[in-house]
Amino acid sequence: MHNADAGIGGNFPAIELPPPRFDDLAPLRDAFRLRRTEQTFSGRSLEPQTLSDLLWAACGAPQSPPEGLSAVADATASNAQEIDVFVAMEQGLYLYDPERARLAPVLSGDLRPLAAAPWLPRSGDKAPARLIYVVDCDRLETPHGKMAAPADPETLQAYSLVDCGIVAANVYLFAAAAGLNAWFHECDRPALAKRLPLRAGRRVLFAQTVGYPY
Ligand SMILES: Cc1cc2nc3c(=O)[nH]c(=O)nc-3n(C[C@H](O)[C@H](O)[C@H](O)COP(=O)(O)O)c2cc1C
C-alpha cells in the first residue's frame, strides 16, 4: 500500500485532486483497469500480428518507425535502448530484432521452464511466449543519445533495472489492452546464463510470461 502520510508534508495547503477518470482516454483507462499479473495461460499461440505488436510495445525502436507509431516505444537512460528481448517459445528461443520486425532464431528446444525461477509456480511453462530481458551493458556505457550517462557501476545498474521495468510496464499495458495475461517474474539466471549465447557485457535480468487466458 502507498504511504501518503500527511505528517510528511510542508506547512501549506494540499492540492485536492479529482478522482482519476481518464475522460476521452477510454482505451488507456481500460488498459489500466485491466492491467494485472495473472499466472495462468492457455496453450493458444500468439498470432504473428499480436506478437509483433507486443514486442514493438516492449522495446520497438526501429530507424523508420511504422506508420502511426513513435520512433521509440520505451524510454531508456540516454536513449541507450540496451534491453534486448529474447523470446522463449515451444520450438525454440529467438531474439527480437525491432529493426527488421523479426524474431531471429537463437537456440532450438523449449527453454520456457528456465525463464521462471525454480521456486515459482510452473503455470507459465506452456505459455506461448516468455520474454527474457537481457541488458547489454556496452550500449549503456556508450550511449548514442543526447545525454551521456554517468559511468559509475551502481548508476548504470540502476538504469538497466529501471529501463527493464519500463519495458515490462509497456508489456503489461499492451497485454491488458489486447486481452492477454501477463506475469513479470524472476528467472533462472544461472541456467539461462549457461544456455544463452551471451556476449560479454550482457546479463539476464528478468522475464515476463504472456499468453491468452483460459
Ligand atoms: C520487480 C518485480 C519482480 C517480480 N517478481 C515476481 C516473481 O518472482 N514471482 C511472481 O510471482 N511475481 C513477481 N512479480 C509480480 C508481482 O508480484 C505483482 O506485480 C504484484 O503482486 C502486483 O500485482 P499486479 O501486477 O496484479 O498489480 C514481480 C513484479 C516486479 C515489479
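The values are calculated or read from the model by the stated rules, or taken from the named source; none is laboratory data. Since this is a predicted model, take the numbers as computed values, not measurements. Cβ atoms come from the backbone with ideal geometry, glycine included; neighbour counts cover every protein chain shown.
Looking only at segment 102-126, which residues are part of a loop (DSSP other than H, G, I, E, B), in contact with a Phe, Trp or Tyr (Cβ under 8 Å, 6 or more places away or on another chain) and either at pLDDT below 95 or within 22 Å of Lys194 (Cβ to Cβ) (or both)?
Scanning segment 102-126 gives a single hit, Gly124.
Mind checking which residues of segment 153-172 are more than 10 Å from the ligand (Cβ to nearest atom), more than 10 Å from the chain's Cα centre (by Cα) and surrounded by fewer than 22 Cβ atoms within 10 Å (Cβ to Cβ)?
Within segment 153-172, Pro153, Glu154, Thr155, Leu156, Gln157, Ala158, Tyr159, Val162 meet the criteria.
Take Gly10 and decide whether it is small (Gly, Ala, Ser), on the phi < 0 side of the Ramachandran plot and away from the ligand (no atom under 16 Å from the Cβ).
So Gly10 fits the description; yes.
Would you mind telling me which numbered condition in (1) assigned to a helix (DSSP H, G or I); (2) away from the ligand (no atom under 16 Å from the Cβ); (3) of a type outside the set (Ser, Thr, Tyr); (4) over 22 Å from Leu161 (Cβ atoms) Asp30 fails?
Failing condition for Asp30: (2).
Any residue at all in segment 147-160 that's under 20 Å from Gln39 (Cβ atoms) and in contact (Cβ under 8 Å) with a residue 60 or more places away in the chain?
No: zero hits.
Right, Gly109: over 17 Å from the mean Cα position of the chain (by Cα) and in contact (Cβ under 8 Å) with a residue 24 or more places away in the chain or not?
No: the conditions fail for Gly109.
Run down Glu67, Glu38, Glu82 and say which single residue is within 16 Å of the ligand (Cβ to nearest atom) and not basic (Lys, Arg).
That would be Glu38, the only listed residue that is within 16 Å of the ligand (Cβ to nearest atom) and not basic (Lys, Arg).
Name the pairs whose Cβ atoms lie under 7 Å apart, with the first residue in segment 44-62 and touching a residue at least 40 places away in the same chain (Cβ under 8 Å), the second part of a loop (DSSP other than H, G, I, E, B) and aromatic (Phe, Trp, Tyr), and 6 or more positions between them or separate chains?
If the second residue must be part of a loop (DSSP other than H, G, I, E, B) and aromatic (Phe, Trp, Tyr), the pairs left are Arg44/Tyr212.
Taking segment 161-180, which residues are touching a strand residue (DSSP E or B) at 6+ places or on another chain (Cβ under 6 Å) and either outside any helix (DSSP H, G or I) or of a type in the set (Lys, Arg) (or both)?
Across segment 161-180, the qualifying residue is only Leu180.
Identify, by number, the condition in (1) modelled with pLDDT of 95 or more; (2) part of a loop (DSSP other than H, G, I, E, B) that Val87 doesn't meet.
Going through the list (1) modelled with pLDDT of 95 or more; (2) part of a loop (DSSP other than H, G, I, E, B), Val87 breaks only (2).
Which of the following residues is exposed (fewer than 14 other Cβ atoms within 10 Å of the Cβ) and at negative phi: Ser64, Ser45, Ser52?
Criteria check complete, one pass: Ser64.
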